[in-house]
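Here the structure comes first, spelled out in structure tokens, and everything after it is commentary.
The values are calculated or read from the model by the stated rules, or taken from the named source; none is laboratory data. Everything numeric here is computed off the predicted structure, so don't read it as measured data. Cβ coordinates were reconstructed from backbone atoms using ideal geometry, including for glycine residues, and neighbour counts include every protein chain displayed. For accessibility, only protein heavy atoms count, side chains too; no ligands or nucleic acids. Shrake-Rupley method; radii C 1.70, N 1.55, O 1.52, S 1.80 Å.
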Amino acid sequence: MSKTLYTDDYKSEPYWLEGVTSLDVQDSTLPEKADVVVIGSGYTGLHTALQTARAGRKTVVIDKGNIGCGCSTRNGGQVSSSIKPDIEELTKFFGQDCAKAIRREGENALNWIETFIKDEAIDCDFERNGLYYAAHTPRHYELIARDTEILQREDGIEAFAVSEQDQRTELGSNAYFGGVVFPNHAALHAAKYHSALAKKVSDAAGLLVSHCNANSIVRHASSGDSQFSIKTSKGTIKARNVMIATNGYTGELTPWLQRRLIPIGSYVIATEPLAKEKIDSLFPTARPVCDTCKVVYYYRASPDRTRVLFGGRVSANETNPMVSAPRLHQQMCRIFPELEHTRISNSWTGTVSYTFDSMAHTGIFNGMHYALGYCGSGISLSSYLGMRAGQKIIEHADGATAFDNLPFPSRPLYRGKPWFLPAALN
Ligand SMILES: Cc1cc2nc3c(=O)[nH]c(=O)nc-3n(C[C@H](O)[C@H](O)[C@H](O)COP(=O)(O)OP(=O)(O)OC[C@H]3O[C@@H](n4cnc5c(N)ncnc54)[C@H](O)[C@@H]3O)c2cc1C
């Protein structure tokens, strides 16, 4: 390990976990029966559980690792409206009304998460200061500036273009050719949000069981109180409802979903604390940044404005945080040359899941609910679709979404191992 690149207290763990109470429930035992078993303890699973537990359903959330060990404590904390395909593309597949409804759900999710955090008094540094979307070529600037007009006209989404000449008001870098500001996007502290959510589930009598791998699920013919038996590393539990909230970590437990999801690693570093003036010069506004590169770089100041958090994908094949750290550092210095001698305090990775139609999916298969496939930007959508899935389980009238049971494409011979990724990302 190069001494000059890393701080003495360097950790291959998310910066977000520093000082955040983790719900260590390693010793928790699995009951024999529940109304609802949620598999996966990230934002999706916890929001489902919060709905069902508060409705009085005996709810058990299991995770194969620590509670929240997946993306929900590893992300960049940029909260967007999350819908990747544009209105034209969606209209081609689903017709205009459905396309509009899907795009509206992105805005619904963003508005809803803000209301949820405020109403529940969650202390997670949530700030709605917008996002700067930076163009890495002049052609990309033209494209995104044009799309901005369409977004405003068709979707009513607030956005404005910033030319290369004016860019320094948004970003202390000459690496881009202008960009677009989405003033309604937001940012939060990933692990504070997750930890508060887990506590709320617990307070609502939801049981969190960590280090409990779901190995198989059997659906019984009779539809009584125990429609499902879930065999886990901590024993078997019977349940009336099952929610699959495994996103990028979806495995052989649910082959039907595994065939539809493309797991992709994303990598982040945090710098050592920097002088306030430096952070202010790099990030003159409080907006996080992402760019138009095919393999996107996303970065921001930490919520306390002491560090730079810089993320992206820097390897064709999956790698580890010690390999990704110097490469991310190099990219960060390409954008901010003055950070050349800045050391790295944390480097980490997590696995997101993409889908073949670049859309998140939610619905029911084999009687089990699911919500996943957020294509790399799922803080708001995983929270929102997880919440809606919970409402569906308790048969709440508001549970429906525009995403429900849309066709969920796979590819012939695809079994969940994306052999095509290195070529696709080049
Ligand atoms: C590095 C990185 C940066 C990101 N940045 C952003 C960002 O800035 N903005 C944004 O909106 N999104 C971002 N994301 C994506 C976002 O974090 C995810 O979309 C969101 O957290 C998904 O939540 P989830 O609950 O569906 O999945 P996760 O939080 O990944 O939870 C899934 C859980 O399922 C568990 N599990 C899987 N299989 C089993 C099993 N058989 N038995 C028991 N448990 C199981 C896993 O252990 C895991 O804990 C980022 C992701 C990463 C990795």
What accessible area per residue comes out for the chain, rounded to a whole number of Å², with a 1.4 Å probe? 43
Below 19 Å, Cα to Cα, which lysines can residue 118 reach? Residues fewer than 8 away in the same chain don't count. 192, 199, 200
Any lysines whose Cα falls less than 20 Å from that of residue 294, other than same-chain ones fewer than 8 residues away, would be 84
Kindly sort 246, 169 by accessible area of their heavy atoms, largest first, with the probe set to 1.4 Å. 169, 246
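Take every DSSP beta bridge whose two residues both sit in the chain, then give the antiparallel share in percent to the nearest 5.
Working: 46 of 67 bridges.
Rounded to the nearest five, the antiparallel share is 70 percent.
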Over the chain, with every protein chain in place, what whole percent of the accessible area is carbon and sulfur at 1.4 Å, could you tell me? 50
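As an exercise, find the ratio Rg/Rh for the stretch 54-161 from alpha-carbon atoms, using the Kirkwood inverse-distance average for Rh. Intermediate results must be reported in sequence, preceding the final value.
On the way: Rg = 17.9 Å, Rh = 17.0 Å.
With Rh from the inverse mean 1/r over Cα pairs, Rg/Rh is 1.05.
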Work out, in µm²/s and without decimals, the Stokes-Einstein translational diffusion coefficient of the chain at 10 °C, 1.306 mPa s, Rh from Kirkwood over C-alpha pairs. 72
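Would you rank 233, 324 by solvent-accessible area, highest first, keeping every protein chain in place and using a 1.4 Å probe?
Numbers: 233 75, 324 0 Å².
Result of the area sort, largest leading: 233, 324.
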Overall Cα dimensions of the stretch 281-372, principal axis frame, Å, largest first: 54, 31, 24
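Once the Cα gyration tensor of the stretch 347-426 is found, what semi-axes does its equivalent ellipsoid get, as square roots of 5 times the eigenvalues, in whole Å, sorted largest first?
Values: eigenvalues 141, 51, 21 Å².
The equivalent ellipsoid of the stretch 347-426 has semi-axes of 27, 16, 10 Å.
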How about residue 238: which lysines have a C-alpha closer than 19 Å to its C-alpha, ignoring those fewer than 8 places off in the same chain? 33, 58, 64
Mean Cβ neighbour count within 10 Å, used as a protection proxy, ranking 381-394, 80-93, 51-64 highest first: 381-394, 51-64, 80-93
With no solvent and one point on each alpha carbon, what is the Debye value of log10 I(q)/I(0) for the stretch 184-261 at q = 0.18, 0.26 Å⁻¹? -0.97, -1.25
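Compute the projected area of the convex hull of the Cα atoms of the stretch 131-239, averaged over all viewing directions, and report it in nm² to one decimal place. Mind dumping the intermediate values first?
Values: hull surface 51.3 nm².
With the hull built on Cα positions only, its mean projection is 12.8 nm².
I'd like to compare 259-269, 172-182: which one has the highest average count of other Cβ atoms within 10 Å, and what's the full order after that? Intermediate values should be presented prior to the final figure.
Numbers: 259-269: 22.5, 172-182: 19.4.
Packing proxy ranking, top to bottom: 259-269, 172-182.
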The chain: relative contact order in percent, alpha carbon pairs under 8 Å with at least 6 residues between: 25
